[in-house]
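Notes follow the structure.
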Amino acid sequence: MHSPSLPALRRLACLAALTFSLASAAAVLAAAPLVAFKPVAVRTYPRPVESMLEAQIVLARHAISCGPIDGLSGAQTAAALIAFQQNQQLPATGRLDEATRNALVLTTPPLKQLVVTADDLARLQPLSPTWLGKSRQTSLAYENALELVSERTHSGPAFIRRLNPAVDWSAITPGTILSVPDVELDAPLAKPALLHVRLADHALEARDDTDALIAHFPVSIAKKVEKRPVGELHVAQHVRRRFPAVKVLYQTGFSDRLFENRSELEEGAAFLEKPFTARGLREAARLVLFGSINP
């Protein structure tokens, strides 16, 4: 009887080890619980918003500005939500509640890719610190690429940085691809018939001839009275000299000093002092136009 050769013994050892490994693996798999893998959800549109960021983007697509888009709730976002809720005849909570989520509909993905072009970078130039220097500049556009992208996408610079952490904003080049909010309007804006400025609410609104909301923007005025715009009577007086039949209703401006001397007004001039209500303004205008508050 011949003894097995060395190569044959090696093959037998390998076969035995493989058999043991397969048996061990089968035992482990039999004892281990099955792991369920959830498939990645495929996003479809249109759909209701699911976050504050998506809500801000949809509001921007409806020309309702919450200030710089950043995905965070704040006073300007609450004011924008209220404007949307009132226009949709929803409870004006200023919160992203269920009814508001369902009404704010994303028709396309919230983010898109933006490619920085050579023309974009050619527009950049430092802003002069003096008014004389500004007057000599070829344009007053953007100082840097981050400002340009932020303004173009209605976003806060810090938020744009977070969306694009690998971008070196100090050395950005043509062809750079960025991830940004897609704020293109869902539909062309209607022609506004009225502009409402509510200083107490720090808001400007454009409305059509049915008083439906077209656009909403946050606004601000200087905290110091002396830095606020101050009007004078020159325009009204010039118009009255040329067109004596024109009806004029004077009101106080932003400055308390505007009408320190009421003798500036012609005798019998109609004057409405702030603060006043919508009803007070309506009645004063009717009195000037028709001689009665109930024409």
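The values are calculated or read from the model by the stated rules, or taken from the named source; none is laboratory data. This structure is a prediction, so every number in the text was calculated from the model and none was measured. Here Cβ is always computed from backbone atoms with ideal geometry, including for glycine, and neighbour counts include all displayed protein chains.
If you check residue 196 against the conditions, is it outside any loop (DSSP other than H, G, I, E, B) and buried (at least 16 other Cβ atoms within 10 Å of the Cβ)? No. So, residue 121, is that one crowded, with 16+ Cβ neighbours inside 10 Å, under 28 Å from residue 84 (Cβ atoms) and at pLDDT 90 or above or not? The answer is no for residue 121. Inspect all residues belonging to the stretch 166-176 and state whether any of them is of a type in the set (D, E, K, R) and not in a loop (DSSP other than H, G, I, E, B). For the stretch 166-176, residues of a type in the set (D, E, K, R) and not in a loop (DSSP other than H, G, I, E, B): absent.
This table checks each residue for (1) modelled with pLDDT of 95 or more; (2) assigned to a helix (DSSP H, G or I); (3) out of contact with any Gly (no Cβ under 8 Å at 6 or more places or on another chain).
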residue	(1), (2), (3)
90	yes, no, yes
94	yes, no, yes
101	yes, yes, yes
109	yes, no, yes
114	yes, no, yes
134	no, yes, yes
138	no, no, yes
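Residue selection: residue 59 satisfies the criterion of being buried (at least 16 other Cβ atoms within 10 Å of the Cβ) and either among the small types (Gly, Ala, Ser) or touching a residue at least 40 places away in the same chain (Cβ under 8 Å) (or both). Evaluation of residue 143 against the conditions (1) of a type outside the set (Ser, Thr, Tyr); (2) out of contact with any Gly (no Cβ under 9 Å at 6 or more places or on another chain); (3) closer than 30 Å to residue 50 by Cα; (4) touching a residue at least 12 places away in the same chain (Cβ under 8 Å) shows that the sole unmet condition is (3).
In this structure, residue 86 does not qualify as surrounded by fewer than 16 Cβ atoms within 10 Å (Cβ to Cβ), in contact (Cβ under 8 Å) with a residue 24 or more places away in the chain, out of contact with any Gly (no Cβ under 9 Å at 6 or more places or on another chain) and within 23 Å of residue 162 (Cα to Cα). Is it fair to say residue 50 is of a type in the set (Asp, Glu), touching a residue at least 40 places away in the same chain (Cβ under 8 Å) and buried (at least 21 other Cβ atoms within 10 Å of the Cβ)? Taking the combined requirement at face value, the residue does not satisfy it.
The rows are residues; the columns are (1) aliphatic (A, V, I, L, M); (2) closer than 25 Å to residue 74 by Cβ.
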| position | (1), (2) |
| --- | --- |
| 101 | no, yes |
| 108 | no, no |
| 117 | no, no |
| 124 | yes, no |
| 129 | no, no |
| 132 | yes, no |
| 138 | no, no |
| 153 | no, yes |
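Of note, residue 116 satisfies the criterion of being closer than 23 Å to residue 61 by Cα, in contact (Cβ under 8 Å) with a residue 40 or more places away in the chain, surrounded by 16 or more Cβ atoms within 10 Å (Cβ to Cβ) and hydrophobic (A, V, I, L, M, F, W, C).
Taken over the stretch 141-183, the criterion of being of a type in the set (S, T, N, Q) and either surrounded by 19 or more Cβ atoms within 10 Å (Cβ to Cβ) or more than 20 Å from residue 58 (Cβ to Cβ) (or both) is satisfied by 144, 150, 153, 155, 164, 170, 173, 176. A single entry from 185, 189 fulfils the requirement of being among the hydrophobic types (A, V, I, L, M, F, W, C), more than 20 Å from residue 109 (Cα to Cα) and within 17 Å of the chain's Cα centre (by Cα): 189.
Of all residues in the stretch 122-152, those being over 19 Å from residue 183 (Cα atoms), within 24 Å of the chain's Cα centre (by Cα) and among the hydrophobic types (A, V, I, L, M, F, W, C) number 3.
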